[in-house]
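A short write-up of the structure that comes next.
The values are calculated or read from the model by the stated rules, or taken from the named source; none is laboratory data. Since we're looking at a predicted model, the values are computed, not measured. In this analysis, Cβ positions are derived from the backbone assuming ideal geometry, glycine residues included, and neighbour counts consider all displayed protein chains. For accessibility, only protein heavy atoms count, side chains too; no ligands or nucleic acids. Shrake-Rupley method; radii C 1.70, N 1.55, O 1.52, S 1.80 Å.
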Amino acid sequence: MILVILTGLTGIHSITTVSEVSVKAGDSIIIPCLYDSQYINHVKFLCKGPNWSSCSYAAKTNQPSSGKFSISDDKNQRIFTVTIKDLTDKDTDYWCAVEIDKGPDVREYFLLSVTEGTPRLYVDHQEITGFIGQNIMISCQYSNSGEVRWCRLGSSCVRRPLGSIDGTQVTINTSVPNVFTVTMSGLRTESSGWYWCATGDLQMPVHVTVNEQPTTTTLATTRPSTTSSPTPNTPDEPSASLDLKNLIISLNLLIVTVIVILFIWFMLKKHKQTKAAASATTAAEEDVTYCNTDNLRQTSSQSSYTAGDADVVYNSVVFFRTKSEQSVEANDGNVTYSTLA
């Protein structure tokens with residue numbers, strides 16, 4: 001009974017959050033606050049100031065929030081988060097708190113160490129998404145000294161190179177100076193939640209969301225036996241790549257077919273032109289008449305004609321036809337001699 005009373009008065013094990021976070025001036029920060037199940041329906045708020053007795057309300061779950069401060073409550077995870085924007089050197093002391101109607105409010109203090117330069121411990125993104133069965137990597141960069149660890153809000157921490165948190169395997173790689181990389185393998189739905197990098201007294205909150213692997217429906221005509229595309233980590237090609245490959249093959253076949261058809265058409269056309277030219281040449285050479293005239297002088301010793309008949313002209317006409325570049329000689333029967341005085 002005394003332990004319960006002390007717990008209610010001091011807030012021990014009622015709210016769990018980070019203790020100190022290094023941030024850069026002008027940036028924003030999200031701080032998670034885990035609370036006990038008995039406070040699910042209570043009002044949660046952020047109080048600003050170094051002393052609890054004199055701190056002032058910055059944001060409350062039962063009031064709309066805007067501007068520099070905002071607050072949201074996830075009752076399923078029993079975590080409410082506060083966001084502080086445009087950080088300055090005056091944004092240092094805060095309290096995560098739960099309002100109690102009949103009794104003192106429960107609270108937990110955290111410190112923001114605001115710097116003008118690079119924070120002493122930071123991550124590139126406070127929120128990261130992974131998929132069931134896959135891995136995610138978180139790179140935590142630091143400049144302070146102290147023990148390196150990866151912790152889950154309200155659960156255990158991994159301090160060695162290998163370990164596990166709530167059934168999820170964790171590997172910490174410290175081979176690069178001032179950087180340690182956390183790999184969470186074999187993600188499950190239960191792996192979702194708030195974690196933090198830690199070196200020495202500094203922590204940096206990181207929220208991990210684990211979703212189911214995305215699927216893409218393909219057309220039945222393209223992939224009859226497949227209803228979804230492979231995940232990015234599988235060796236199979238996406239259906240879109242197969243569709244593009246099939247389209248390229250079809251276009252190549254079409255182009256080859258058109259070229260073959262045009263070649264055959266060109267050869268047929270050339271053959272017809274050659275045949276027509278040969279026919280015209282043959283028709284032009286079918287009828288040819290050759291005329292051959294010989295002038296012969298007849299001597300007196302070879303003829304009994306009179307002196308007036310001494311000069312005789314023989315005119316021979318030969319008629320013959322030529323076909324297909326072959327010469328046809330005239331027969332003697334086709335020769336006509338005529339004697340002119």
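Tabulated data for the structure shown
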read-out	value
Rounded accessible area of ILE15 (nearest 10 Å², 1.4 Å probe)	10 Å²
For the range 138-219, alpha-carbon Rg relative to the globular expectation (2.2 N^0.38 Å, N residues)	1.24
Ratio Rg/Rh, restricted to the range 100-163 and using Cα atoms, in which Rh is the Kirkwood radius	1.06
The range 175-216, accessible surface, carbon-and-sulfur percent (1.4 angstrom probe)	50 percent
Linear extension gain, THR115 paired with LYS75, 0.36 nm per residue minus alpha-carbon span	11.1 nm
Accessible-area order (highest first, 1.4 angstrom probe) of the listed residues LEU244, LEU87	LEU244, LEU87
The range 15-145 - accessible surface per residue (Å², probe 1.4 Å)	51 Å²
Within straight-line cross-link reach of LYS24, lysines at Cα separation under 20 Å, skipping those fewer than 8 residues along the same chain	LYS48, LYS68, LYS85, LYS90
Protein-only accessible surface order, largest first, of TRP150, TRP265, TRP52, TRP194 at 1.4 Å	TRP265, TRP52, TRP194, TRP150
Relative compactness, the range 13-92, computed as alpha-carbon Rg over 2.2 N^0.38 Å	1.10
Relative contact order (percent, whole number), the range 1-136, Cα cutoff 8 Å, 6+ residue spacing	32 percent
Sites matching GluC sites (Glu not before Pro) across the range 113-217 that sit in DSSP coil, with at most 13 neighbouring C-beta atoms within 10 Å	GLU116, GLU147, GLU212
In the range 80-112, the trypsin sites (Lys or Arg not before Pro) that fall in loop regions by DSSP, at most 14 other Cβ within 10 Å	LYS85, LYS90, LYS102
Carbon and sulfur %, accessible surface of the range 42-139 computed with the full protein complex present, 1.4 Å	46 percent
Accessible area of MET267 in the full protein assembly, 1.4 Å probe (Å², nearest 10)	90 Å²
